[in-house]
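A.B. asks: Please see the structure below; I have some questions.
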Amino acid sequence: MLAKIYRPAKNAMQSGKAATKRWRLEFEPKMAPRPEPLMGWISSADPDGQVRINFDSKEAAIEFARTHAIPHQVVDTPTPVRQIKSYSDNFAFRRREPWSH
C-alpha cells in the first residue's frame, strides 16, 4: 500500500492556480482497473484508490504518513518558468520574422 505525496497540476479548463498550492496523499492502485462486463464501465475492487487526502504543506503530509506507518514516496514537481510576453513585441522593429503573412 504505497502512497504518493505530490502537488496536483493546475486544471486545464481554468487559468487559476489555487488548487496547486496544497499537497495530496494518494494511494497507488493495487490492481489495474477493468471494464465491468454488463455495462462496460471501468471499475476496480480496490477501495484505497478512492482515498485522497489534502494537506497544507509537504511536511504535514509526510508526518501523517509516518504517524500512520504508510510507506510513501514524495514527488516534487518543478515550478514552471514564467515567460513574460508583451503584445507590443509582436510589432517591434527588432522582431526577426514578419508578424503577418
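The values are calculated or read from the model by the stated rules, or taken from the named source; none is laboratory data. This one's a predicted model, so the numbers in the text were calculated from it and none came from an experiment. Here the Cβ is made from the backbone with ideal geometry for all residues, glycine too, and neighbour counts use every protein chain on show.
A.B. asks: What residue, of Ala61, Ala19, is within 15 Å of Thr77 (Cβ to Cβ), modelled with pLDDT of 95 or more and among the hydrophobic types (A, V, I, L, M, F, W, C)? Walk me through it before giving the result.
C.D. replies: Numbers: Ala19 fails: modelled with pLDDT of 95 or more.
Exactly one of Ala61, Ala19 is within 15 Å of Thr77 (Cβ to Cβ), modelled with pLDDT of 95 or more and among the hydrophobic types (A, V, I, L, M, F, W, C), namely Ala61.
A.B. asks: I need the full set of residues from the range 27-47 which are over 25 Å from Pro78 (Cα atoms), surrounded by 14 or more Cβ atoms within 10 Å (Cβ to Cβ) and of a type outside the set (S, T, N, Q), in order please.
C.D. replies: Result: Asp46, single match.
A.B. asks: Restricting attention to the range 27-40, does a residue exist that is at pLDDT 85 or above, of a type in the set (Gly, Ala, Ser) and not in a loop (DSSP other than H, G, I, E, B)?
C.D. replies: The answer is no, given that none of the residues of the range 27-40 is at pLDDT 85 or above, of a type in the set (Gly, Ala, Ser) and not in a loop (DSSP other than H, G, I, E, B).
A.B. asks: Check Arg24 against each of (1) out of contact with any strand residue (DSSP E or B) (no Cβ under 9 Å at 6 or more places or on another chain); (2) surrounded by 12 or more Cβ atoms within 10 Å (Cβ to Cβ) and name the one condition it does not meet.
C.D. replies: (1)
A.B. asks: List the residue pairs whose Cβ atoms are under 8 Å apart, where the first residue sits in the range 75-86 and is on the phi > 0 side of the Ramachandran plot and among the basic types (Lys, Arg), the second is surrounded by 10 or more Cβ atoms within 10 Å (Cβ to Cβ) and modelled with pLDDT of 85 or more, and the two are 6 or more positions apart or on different chains.
C.D. replies: Listed by first residue and then by second, the contacts come to nothing, as the list is empty.
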